[in-house]
Each structure stands twice: as C-alpha cells, then as structure tokens.
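Okay, structure first, notes after.
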Amino acid sequence: MLPEGFFSTNFDVSRLRSSCATCSLRELCLPVGLDDREISVLGEVVSHKKKIPRGGYLYRASIKFQTLYAIKSGFFKTCILEEGGRQQVTGFHMTGELLGLDAISSDLHTCDAIALENSEVCEIPFAKLEEIGRTIPSLMRHFHKIMSREIVRDHGVMVLLGSMKAEERLASFLLNMSRRFAIRGYSETSFNLRMTREEIGSYLGLKLETVSRAFSKLQQESVISVNNKHIQIHDLERLKLKMGNSSCAT
C-alpha cells in the first residue's frame, strides 16, 4: 500500500513520463519500471524545483541534512574550507547527478555545494524518499546502486591522488569528464569545462602552474586542443595511454 497523502488523482502522469525522458531524475524512476501510480507518488515528492545562480550556494557544510538534490540543469562543485581559508575542491557534479549523498550518514552536510553556472535542481526530501522506498523496493535498490557508484568514484579519486603523476591525473580527469558527458548523450570528444584551471588543480592535488603545463603538453602532442574552456579530444586511445599503468579514473 502506498503512503496516504502522496498520491494525487489530478497528477499528470503522462506529463511526468514525458518530462522524465529528458530529465536528470530518469535515473531514479524510469530504469526501475515504475507503474503510473508509483510514478505519480515519486513525482509529488520531487516536484519542487530550485534555481541557483552562478556562484550561489546550494548548501553549506555543517548544515542539517534534509534533502537530496538532482541536478536538472547546470554544474556544481563541492568543496571544503581548510585551515587558513583555502578552498579544497572535492568534486564536480553535472546534469543528471545527485548532490547531498555525503550527508546521509552524519545528518550534516560535509562540504559546500556551489553552482559553477546558472543551475536548477529538483529537491528530494530524504525522509519521504525513504518512506516511499518501503513501498517501492525497486526504487530503493536503484538508489543504493547510485550511492555505491559514488563510493567507487571517491575510491578512484584516492587512487588518483596517491599513485599518478601530474599528466596522468589530468588525462584521467578528462577521460572521466568525457564518459560522463557521453552517458548524458553529449559528445565525448568535444565539451566545455565549467571549472577553472585553479579548481581543477585543487581537485587533482596540483598547483595551477602544473595543471597549465600538463594541458600544454597534451596539446603540443596533438592529443587534445584547448580553446579557453573548450576541450577537443583528438585521440581518446592516446589519452588513455597517458594514464600509464593506473586503471582508476576520477
């Protein structure tokens, strides 16, 4: 039995199905084969949208966790403030991904989430998600897969920072971005990076000058072309070879 109060007979399921086909939330509902009634339940939970301007905060570290956010459009970075006020970037998140998973265990957000461009998110109250998950087990199984994937990605970053040289780190980062764009139907070889070189360096554990040299070297070798923030990958296989013997990408 579905929880009382979640289902609305006036909810336009056909419209939700249509919008989900191009929305980041398709990852949560369409792949798990929900029926119309179950989709209407999920739709009422995630129906609230929130716009965040470039440079704006979606949430801040130490704020009480209540909501997950699905990025409907835009791009975010997550970061923490180290002693002395220096910002350490911990991740980059694009359309179709979830933000806020870091706070589930502690009930507090562990980092700041800042929009790198004008963005829009769908709010998913976690308590309601857990409630409907008890009546739609397939939804929670899929959600657990998403959480597992984030854990694997974090492990990949640790391997990246611990075992790779500067050029290998940058190659791994570009390949990761390439795969994530491709999953969302965009070009895997031609895309714009929303973050600055300094932010990439912070994420990869490299100085700005080192990041710039690594970009220049890849360009000189005709592996990529760089035009401001636009990246053109000319040879994906050669870029993969730049990762050396390391098998984990960011």
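The values are calculated or read from the model by the stated rules, or taken from the named source; none is laboratory data. Source: prediction; values computed, not measured. As a convention, Cβ positions derive from the backbone with ideal geometry for all residues, glycine included, and neighbour counts pool all protein chains shown.
Worth pointing out:
- The set of residues in the range 48-77 that are more than 21 Å from F126 (Cα to Cα) and among the aromatic types (F, W, Y) contains only F75.
- Against the test of being under 19 Å from the mean Cα position of the chain (by Cα), outside the structural domain of I183 (by TED's automatic domain parsing) and in contact (Cβ under 8 Å) with a residue 60 or more places away in the chain, the options T110, T95, T67 yield a single qualifying residue, T95.
- Positions within the range 169-223 being of a type in the set (D, E) and either closer than 17 Å to E237 by Cβ or more than 17 Å from the chain's Cα centre (by Cα) (or both), in sequence order: E188, E198, E209, E221
- Inside the range 115-142, residues that are within 22 Å of L58 (Cα to Cα) and in contact with a Cys (Cβ under 9 Å, 6 or more places away or on another chain) make up a count of 1.
- The range 182-215: number of residues that are surrounded by 14 or more Cβ atoms within 10 Å (Cβ to Cβ), in contact (Cβ under 8 Å) with a residue 60 or more places away in the chain and either more than 13 Å from V89 (Cβ to Cβ) or of a type outside the set (A, V, I, L, M) (or both): 4
- Unique match (being touching a Ser or Thr at 6+ places or on another chain (Cβ under 7 Å) and at pLDDT below 75) among S148, S172, S246: S246
- Any hit, the range 74-81, residues being exposed (fewer than 14 other Cβ atoms within 10 Å of the Cβ), part of a strand (DSSP E or B) and not aromatic (F, W, Y): yes
- Which listed residue, of S24, S47, is touching a Ser or Thr at 6+ places or on another chain (Cβ under 6 Å), at pLDDT below 65 and among the hydroxyl-bearing types (S, T, Y): S24
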